[in-house]
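Enquirer: Take a look at this one; I'll ask things after.
The values are calculated or read from the model by the stated rules, or taken from the named source; none is laboratory data. Keep in mind that what you see is a predicted model, and the values were worked out from it rather than measured. Counting neighbours? That spans all protein chains shown, and the Cβs are built from the backbone with ideal geometry, glycine included. These accessible areas exclude ligands, DNA and RNA; they are computed on the full protein's heavy atoms, side chains included. Shrake-Rupley method; radii C 1.70, N 1.55, O 1.52, S 1.80 Å.
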Amino acid sequence: MPRIFLSFRKPDSRWMRNRVYRALSDRLGADEIFKSGRSIPPGADFAEILRRQAAECELMCVLIGPGWLDARSEDGVRLLDRAHDWVRLEIATALRAGNRVVPVLLGDATMLPDASALPAEIAELARLQFLRVPETHLPDGLEHLGDAVTALLSDTDTDTDTDTDPAVEPGHGTEPAADPEPSITMTAHVSGGGSAYQAARDQTIRLA
């Protein structure tokens, strides 16, 4: 499964978006990048795939160009204000799953949206540290983006290795198993009726 999810709005900064995809694919391999137009096969349930990929990706890059925030439908309604807007759903899904989400600003002047301008379920996006791919220094910006994404994935690998005890084959640095601690027998003398005692896991209580 691809580790990186590219979230984007189709009419927004298409040529820069494609440059970002190519740069990350060249750096990490196309199989590591999920981009809806290329990664969803014909006839597949795109809604299910989008939700699953957004929930299970290790890193979501939200590509934000000049037209991302205020893009509108033909009836004049801002797309982000629609509950079924796919960009909104993708980001909300990744945030709920606890995945790392990084805003990637496309262009020299694009600003990170304020929380007040975003739906409540994705307002956290406004507090996340962003990366920028400037148009005036595009090759350098793409190289910096690739370095940053690679480092973030490395951090994820390190966290996974720390949380999971690696399987070690016998004879390769294994420590001998410690002898179990002997059980402790405790005798309680009870007078004047019932008494409540609770033994620890390695203790035995005998009433006398």
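Enquirer: Given a Förster distance of 22 angstrom, what is the FRET efficiency for A126 paired with R96, based on the Cβ-Cβ distance and rounded to 0.05?
Expert: For R0 = 22 Å, the calculated efficiency reads 0.85.
Enquirer: Carbon and sulfur: what percent of segment 79-139's accessible surface (1.4 Å probe)?
Expert: Carbon and sulfur: 53 percent of the exposed surface of segment 79-139.
Enquirer: Let me ask something else. Given the Cα-Cα distance of E48 and T150 and 0.36 nm per residue of separation, how much length would full extension add, in nm?
Expert: Gain on stretching E48 to T150: 34.0 nm.
Enquirer: Full extension from D114 to H137: what is 0.36 nm times the residue separation minus their Cα-Cα distance, to one decimal in nm?
Expert: 5.7 nm
Enquirer: Remind me, what semi-axes does segment 1-112 give for its equivalent ellipsoid, largest first in whole Å, using sqrt of 5 times each Cα gyration tensor eigenvalue?
Expert: Equivalent ellipsoid semi-axes, largest first: 21, 18, 14 Å.
Enquirer: Let me ask you something else. Please give me the summed charge of the neighbours of G141: other residues whose Cβ is under 15 Å from its Cβ, Lys and Arg +1, Asp and Glu -1.
Expert: With Lys, Arg at +1 and Asp, Glu at -1, the neighbours total -1.
Enquirer: A further question follows. Given segment 1-61 reduced to its alpha-carbon atoms as identical point scatterers, what log10 I(q)/I(0) does the Debye formula return at q = 0.17 Å⁻¹?
Expert: Here the Debye-derived log intensity ratios amount to -0.55.
Enquirer: Each label point is 7 Å from the Cα along the Cα-to-Cβ direction; what then is the distance between the points at R38 and D70, in nm?
Expert: If labels sit at R38 and D70, their model points lie 3.1 nm apart.
Enquirer: Follow-up question, since we're still on this one. How much accessible area per residue does segment 1-99 have, in Å², with a 1.4 Å probe?
Expert: Using a 1.4 Å probe on heavy atoms only, each residue of segment 1-99 averages 51 Å².
Enquirer: Only loop residues by DSSP count here, and only those with at most 15 other Cβ atoms within 10 Å; note down the trypsin sites (Lys or Arg not before Pro) in segment 45-129 that meet that.
Expert: When the trypsin sites (Lys or Arg not before Pro) of segment 45-129 are filtered for loop state and at most 15 Cβ neighbours within 10 Å, R82 remain.
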